[in-house]
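For reference, the structure is listed below as structure tokens.
The values are calculated or read from the model by the stated rules, or taken from the named source; none is laboratory data. These numbers were taken from a predicted model, which means no experiment stands behind them. We place every Cβ from the backbone using ideal geometry, glycine too, and count neighbours over all the protein chains shown. Note: accessible area is taken over every heavy atom of the protein model, side chains too, but ligands, DNA and RNA are not part of it. Shrake-Rupley method; radii C 1.70, N 1.55, O 1.52, S 1.80 Å.
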Amino acid sequence: MPPTYRNYIDGKWIPSTSCHVIRDLNPADFRDCLGEFPESGPDEISQAVRAAHRAFASWRRVPAPARGEFVARWGELIARDEEALARLITMENGKTLQESKSEVKEAFDFARFMSAQARLIEGSTFPSQHERRLLMTLRQPVGVTALITPWNFPILIPCWKLFPALICGNTVILKPAEECPLAAHRLVELAAEAGLAPGVVNLIHGSGEGTGRTLVKHPGVALVSFTGSTETGRRIAQECALSLKRHVLELGGKNAQIVLADADLTEAVEGAVVGAYKTTGQRCTATSRIIVEQTVAGSFSERFLERTKQIRVGNGLDANVDMGPLVSESRRKRVHAYVEAGRREGAHLLLGGYFYESEPLAQGAFYPPTVFDSVKPGMAIAREEIFGPVICLMEAEDLEAALLDLNNNPYGLSASVYTSNMHTALEAVERIEAGLVYINSPTTGSELHMPFGGVKATGDGHREAGRYGLNIFSEWKSAYINYGRRVSRVELQTPA
Ligand code: ADP
């Protein structure tokens with residue numbers, strides 16, 4: 001029997017009253033169930049919100065550097081358990097062990113970074129237009145925050161939200177993705193071990209439409225921070241708009257790599273392989289379209305296909321494997337439906353596009369690296385986020401045409417350009433409509449101290465990571481401090 005897991009509310013592991021459970025399956029082998037998690041209902045959510053409210057009253061008064069020390073201790077425990085956490089991510093999500101290790105490493109690096117930021121939660125002072133008056137701004141916590149996270153980085157994305165939320169003085173309720181709840185469970189176990197006060201971090205399991213939606217609607221939640229699909233993000237935004245609840249959305253991408261005729265083709269091919277197939281194409285920054293200048297399109301395509309054929313697909317725990325399974329059977333069906341749509345719309349399938357029929361790959365959500373060419377910008381496979389190892393090869397006459405194709409898309413997260421010409425590179429940096437632009441490197445590979453996020457349908461203009469998370473998780477307060485004698489007249493002279 002797989003173990004049954006509980007919610008974490010007010011510093012205690014509490015069994016759910018719900019009789020619905022969600023089975024957490026290993027995507028490399030569906031026979032392996034890692035645990036059963038509750039589909040939490042409104043009562044449990046209210047209990048967590050109440051606990052977070054009670055804790056907020058004291059947590060917001062803990063000096064920020066002390067909140068940072070707690071994050072640092074939590075980070076050290078994540079570092080201590082690096083191996084075990086990485087294995088767990090691979091078993092639950094499917095990505096290779098090496099990728100899981102990088103994910104865990106980034107999580108504890110971010111804890112170190114954020115714990116130092118806790119001493120730098122600064123405001124500003126401004127000169128007043130009146131005598132003997134001090135103007136200053138200070139950051140204040142927002143309150144109880146709901147963190148709704150996806151399955152593609154089941155440790156790192158919760159940390160991206162948890163650490164800045166906590167150092168700013170908020171309390172949180174984490175609702176992790178139902179595909180990877182065990183990683184969140186372990187993460188919160190480590191928070192408890194680090195000595196977290198009850199109610200500061202709460203963990204609620206359940207589906208998006210059920211538990212997630214109820215949490216978003218709860219009037220006691222002041223801020224919703226969400227990472228996931230654009231479709232779900234729209235729904236959350238609508239829900240939050242009704243009560244004017246603050247929300248922050250980090251959504252999909254349809255990232256393109258441009259390869260120009262003057263590029264180093266070996267580098268461009270290697271970059272494309274990394275961008276396309278790492279995490280089985282399930283990063284929001286994964287490369288999905290490759291737009292190649294016509295004169296080198298034939299040679300690029302030939303070399304890219306050659307490298308793609310070398311990708312070894314299998315269980316991510318196996319050191320010889322380059323690409324693990326997709327996260328779930330439903331994801332695999334969804335990716336395959338896009339491949340079928342691509343065929344119907346007249347794109348030319350060069351590689352992949354099938355289900356494995358023999359053991360051991362038939363037992364999991366494995367999908368082969370898949371490459372199309374003759375892809376036209378209007379096709380569904382060129383416009384929509386597939387979130388799988390599926391690449392659309394496209395051709396463009398020159399930089400202008402390539403930029404037009406790249407920008408002609410609803411999303412704007414990440415983009416990359418391979419060229420040896422500095423002028424072209426800078427022109428592209430300026431004109432690409434995306435939050436992240438890479439020159440001579442893949443569309444993936446952001447660093448934790450840089451702002452992360454996108455434009456257009458990728459989000460609502462916020463940036464995570466780096467110091468920018470502080471803007472999400474704090475409110476500005478403007479303070480006017482009079483220290484002269486006849487100060488009460490001051491307010492009569494200003495309009496607002
Ligand atoms: P994906 O399509 O990649 O699985 P989703 O955007 O559906 O991504 O899910 C990301 C997170 O959002 C998960 O934790 C999921 O449970 C949650 N979620 C899904 N639908 C809703 C919703 N309507 N309200 C709140 N959370 C949701």
**Request:** Determine, from the Cβ-Cβ distance of residue 79 and residue 229 and an R0 of 35 Å, the FRET efficiency 1/(1 + (r/R0)^6), rounded to the nearest 0.05.
**Result:** 0.65
**Asked** Residue by residue through the stretch 406-422, which ³J(HN,Hα) values in whole Hz follow from phi under the Karplus form 6.51 cos²θ - 1.76 cosθ + 1.60 (θ = phi - 60°), with glycine and proline marked x?
**Response** 4, 7, 7, 7, x, 9, x, 8, 10, 8, 9, 10, 9, 7, 9, 9, 4
**Of 245/333; 12/456; 161/217; 217/278; 95/217, those spanning more than 30 Å from alpha-carbon to alpha-carbon** = 245/333; 12/456; 217/278; 95/217
**Note, ³J(HN,Hα) from phi for the stretch 322-334, Karplus 6.51, -1.76, 1.60, rounded to Hz, x at Gly and Pro** = 9, 9, x, x, 6, 6, 7, 5, 5, 5, 5, 5, 5
**Item:** Full-stretch length increase - residue 482, residue 400 - with 0.36 nm per residue and alpha-carbon distance subtracted
**Value:** 23.8 nm
**Asked** Once Lys and Arg get +1 and Asp and Glu get -1 on their Cβ, which of 478, 248, 229 lies farthest toward the positive end of the dipole of the chain?
**Response** 478
**Prompt:** residue 351 versus residue 246, label points 7 Å from Cα toward the beta carbon: distance in nm?
**Reply:** 4.6
**Prompt:** How would you rank 448-454, 306-312, 363-369, highest first, on the average number of other Cβ atoms within 10 Å across their residues?
**Reply:** 363-369, 448-454, 306-312
**Message:** Considering only protein heavy atoms and a probe of 1.4 Å, how much of the accessible area of the chain is carbon and sulfur, as a whole percent?
**Reply:** 52
**Complete:** Checking rank on 169-178, 417-426, 35-44, with mean other Cβ inside 10 Å and highest first, the result is 169-178, 35-44, 417-426
**Request:** With only Lys, Arg, Asp and Glu charged, each at its Cβ (+1 for the first two, -1 for the last two), find how big the charge dipole of the chain is about the Cα centre; round to the nearest 20 debye.
**Result:** 2480
**Request:** Grab the Cα-Cα distance for residue 98 and residue 124, subtract it from 0.36 nm times how many residues apart they are, and report the gain in nm with one decimal.
**Result:** 5.1 nm
**Asked** Across the chain, how large is the tail of the calculated P(r) beyond 34 Å, expressed as a percent of all Cα pairs?
**Response** 39
**Asked** Under a point spin-label approximation (7 Å from Cα along Cα-to-Cβ), what is the residue 46-residue 429 distance to one decimal in nm?
**Response** 5.5
**Message:** As a test of reading the structure, rank 254, 101, 217 by solvent-accessible area (1.4 Å probe, protein chains only), most first.
**Reply:** 217, 101, 254
**Fill in**
Heavy-atom accessible area per residue of the stretch 255-439, all protein chains kept, 1.4 Å probe, expressed in Å², is 40
**Prompt:** How much FRET efficiency would the formula 1/(1 + (r/R0)^6) give for residue 329 and residue 140, where r is the Cβ-Cβ distance and R0 is 51 Å, rounded to 0.05?
**Reply:** 0.65
**Gained length - residue 344 relative to residue 422, 0.36 nm times residue gap less alpha-carbon distance** = 24.1 nm
